[in-house]
1. Kindly evaluate Ser122 against the criterion of being among the polar types (S, T, N, Q), touching a strand residue (DSSP E or B) at 6+ places or on another chain (Cβ under 6 Å) and either within 14 Å of Gln216 (Cβ to Cβ) or modelled with pLDDT of 95 or more (or both).
2. Restricting to segment 182-213, name every residue that is among the hydrophobic types (A, V, I, L, M, F, W, C) and either touching an Asp or Glu at 6+ places or on another chain (Cβ under 6 Å) or more than 19 Å from Leu102 (Cα to Cα) (or both).
3. Of all residues in segment 178-197 being under 17 Å from the mean Cα position of the chain (by Cα) and within 16 Å of the ligand (Cβ to nearest atom), which is surrounded by the most Cβ atoms within 10 Å (Cβ to Cβ)?
4. So His165 fits all but one of (1) within 13 Å of the ligand (Cβ to nearest atom); (2) not in a loop (DSSP other than H, G, I, E, B); what number is the exception?
5. Quick check on Ser107: is it in contact with a helix residue (DSSP H, G or I) (Cβ under 7 Å, 6 or more places away or on another chain), in a loop (DSSP other than H, G, I, E, B), under 30 Å from Gln64 (Cα atoms) and more than 11 Å from the ligand (Cβ to nearest atom)?
6. Are any of the residues in segment 138-145 within 16 Å of the ligand (Cβ to nearest atom), in contact with a strand residue (DSSP E or B) (Cβ under 8 Å, 6 or more places away or on another chain), farther than 20 Å from Pro86 by Cα and modelled with pLDDT of 95 or more?
Amino acid sequence: MTLASSQTPAPAAAEPTRRDFLYLATAAVGTVGAAATLWPLIDQMNPDAATEAAAGPVDIDISQIQPGQQIVVLWSARPVFIVNRPKEALDALRTPAHLALLSDPNSTAHQQPDYATNWSRSIKPEILALVGVCTHLGCIPKFWPQPSPTEPAANWPGGYFCPCHGSKYDLAGRVFVGVPAPYNLPVPPYHFPNDKTLRVGENPPGSNFDFGSVLQV
Ligand code: FES
């Protein structure tokens, strides 16, 4: 698939594959920051091809991520979103009105390791790590953290919006009801080997979570 053809919507009669949509969405990654004035995106694709090919761990310096910022790294040939969530964003994740909008608010589906099966879907509430692949057909959802009455959807609370078919996720990667995506965004194996480093692709000591065991990625 060429870049030019990837920017043309697929014909309705053609049944796209998840792989097609991943390519389609990859072409759009660089535009995400346009919607994020307060929450700028920093594309930080890891250049180590050998690490990528081996799906080995990737270290990220989280001390450089300001509250409200997201960076994107590549792990196991997939984008991984790392977000520093400010307190107000965390507070919004727990309100009953917000939880009522979600398909799986308590993350009961196996889309994350046990150590991220909690209200924030993370080890440290302020630091979020998600595999950025829509659970519908594999597009890369857009980081759209600002609440808005109109954009990208009515009464938008902030989160991730998938432009392919309109699936919506909150700032914990939990999917909204009434959208095509069936599951929350997956959480990768990760841990913090020290205070300033997040390591994607490796579990905390004592955990044996297998990313291949998640229901959908
Ligand atoms: Fe269809 Fe995301 S791929 S909504």
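1. Criteria met by Ser122.
2. Phe192, Leu198, Val200, Phe209, Phe211 - these are the residues of segment 182-213 that are among the hydrophobic types (A, V, I, L, M, F, W, C) and either touching an Asp or Glu at 6+ places or on another chain (Cβ under 6 Å) or more than 19 Å from Leu102 (Cα to Cα) (or both).
3. So in segment 178-197, the residues under 17 Å from the mean Cα position of the chain (by Cα) come out as 179-191.
If we keep only those that are within 16 Å of the ligand (Cβ to nearest atom) as well, we get 179-186.
Numbers: Val179: 18, Pro180: 14, Ala181: 23, Pro182: 14, Tyr183: 21, Asn184: 27, Leu185: 29, Pro186: 25.
So the residue we want is Leu185.
4. So the condition that His165 fails would be (2).
5. Values: in contact with a helix residue (DSSP H, G or I) (Cβ under 7 Å, 6 or more places away or on another chain): no; in a loop (DSSP other than H, G, I, E, B): yes; under 30 Å from Gln64 (Cα atoms): yes; more than 11 Å from the ligand (Cβ to nearest atom): yes.
It is false that Ser107 is in contact with a helix residue (DSSP H, G or I) (Cβ under 7 Å, 6 or more places away or on another chain), in a loop (DSSP other than H, G, I, E, B), under 30 Å from Gln64 (Cα atoms) and more than 11 Å from the ligand (Cβ to nearest atom).
6. Residues of segment 138-145 within 16 Å of the ligand (Cβ to nearest atom): 138-144.
Keeping just the survivors that are in contact with a strand residue (DSSP E or B) (Cβ under 8 Å, 6 or more places away or on another chain) gives 140-144.
Then drop every residue that is not farther than 20 Å from Pro86 by Cα, which leaves 140-141.
Keeping just the survivors that are modelled with pLDDT of 95 or more gives 140-141.
The answer is yes, given that some residue of segment 138-145 is within 16 Å of the ligand (Cβ to nearest atom), in contact with a strand residue (DSSP E or B) (Cβ under 8 Å, 6 or more places away or on another chain), farther than 20 Å from Pro86 by Cα and modelled with pLDDT of 95 or more.
Yes/no matrix, rows are residues, columns are (1) away from the ligand (no atom under 16 Å from the Cβ); (2) more than 22 Å from Ile127 (Cβ to Cβ); (3) at pLDDT 50 or above:
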| residue | (1), (2), (3) |
| --- | --- |
| Ala50 | yes, yes, no |
| Ala55 | yes, no, yes |
| Gln66 | yes, no, yes |
| Ser76 | yes, no, yes |
| Ala100 | yes, yes, yes |
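The values are calculated or read from the model by the stated rules, or taken from the named source; none is laboratory data. Note that the coordinates shown come from a computational prediction; the quantities given were computed from them, not determined experimentally. Cβ coordinates were reconstructed from backbone atoms using ideal geometry, including for glycine residues, and neighbour counts include every protein chain displayed.
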